[in-house]
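As structure tokens, the structure follows; a few thoughts come after it.
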Amino acid sequence: MNSLWELYKTFAQIGLVTFGGGYAMLPILERELVDKRHWTTMDDLRDYFSIGQCTPGVIALNVSTFIGEKRAGVKGALVALLGFLTGPLVIITLIAAFLQNFAEYPVVQHAFAGIRVCVCVLILQAVLRLWKKSVVDATALVIFLAVFILNAFSSVLPVKIPAAVLVILAGCVGMFISLRRAKAAPTAKEGK
């Protein structure tokens, strides 16, 4: 029961600062789940983000469910999910109940302008961390550039390629390259 409470409390705290979506959350999730609590590794967290990108829903919400399941099975997944949702649901309910035209208040507009700047910094930090740990060789750089070009110029392509398809294609290319390397490795050893 203690571990479920810890899951709920941790993800409730994380859910309270869910501004900017999944990639803005990566530094916060890394600090809380990898560095502070040691519930997962950075490699696993990156894998959860990749899977979360391909599954329906908010990336950080999906990641909380994956971590909860890893820690305490299905109960853990549900508790982490509920913990993550508690703060945003309370905040949205209070805003809806008490403040009409909330977004039109100048103070709120200025607060959101400041939050947007902060979110940009958090996303940039997440991109740099992912880059450092993911683009580790020439092959990874080629995959990165191919996906970047296909995504960046999809508006001029005859068919827009969905992000999930790009993720799946990149995963397939990575598996194909890994299999070719594994197949070539015994041949190289035999030649020695």
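Annotations for the structure displayed:
- Packing rank of 145-151, 3-9, 135-141, 59-65, where each peptide gets the mean count of other beta carbons within 10 Å, highest leading: 59-65, 3-9, 145-151, 135-141
- Reach of Lys75 by Cα under 16 Å, taken over aspartates and glutamates that are not fewer than 8 positions away in the same chain: Glu6
- Along the axis of the charge dipole computed for the chain (Cβ charges of +1 for Lys and Arg, -1 for Asp and Glu, origin at the Cα centre), the listed residues Thr55, Thr65, Ala170 are led at the positive end by Ala170.
- Whole-Å semi-axes of the ellipsoid equivalent to region 86-192 (Cα gyration tensor, √5λ, descending): 45, 17, 14
- Relative to the dominant Cα principal axis of the chain, helix 42-54 is inclined by about 80°.
- Note on region 84-148: along the principal axes its Cα atoms extend 55, 26, 18 Å, ordered by decreasing extent.
- Hull volume per residue, based on the alpha-carbon atoms of the chain and their convex hull, is 180 Å³.
- Inter-centroid distance (Cα atoms) of region 113-189 relative to region 13-53, Å: 19 Å
- Estimated FRET transfer efficiency when R0 is 25 angstrom, pair Thr93-Trp5 (beta carbons, to 0.05): 0.60
- Compared with the alpha-carbon gap, the fully stretched path from Val107 to Phe144 is longer by 9.3 nm at 0.36 nm per residue.
- Seen against the Cα atoms of the chain and their longest principal axis, helix 106-134 is set at about 20 degrees.
- Computed from Cα positions, the angle between helix 2-15 and the longest principal axis of the chain comes to roughly 80 degrees.
- In loop segments of region 115-184 as defined by DSSP, the trypsin sites (Lys or Arg not before Pro) with at most 15 further C-beta atoms inside 10 Å of their C-beta are Lys160.
- Taking a quarter of the surface of the Cα convex hull of region 135-192 gives a mean projected area of 4.9 nm².
- Scanning residues 5 or more positions from Thr18 or on other chains, none has an amide H under 5 Å from its amide H, with H placed 1.01 Å from N in the peptide plane.
- Kirkwood Rh (inverse of mean 1/r, distinct Cα pairs), region 59-105, angstrom: 11.8 Å
All of the numbers you see were taken from the coordinates with simple rules; none came from a lab. Values in this document were obtained by computation on a predicted structure and should not be read as measured data. Note: ideal-geometry Cβ built from the backbone for every residue, glycine included; neighbour counts use all protein chains shown.
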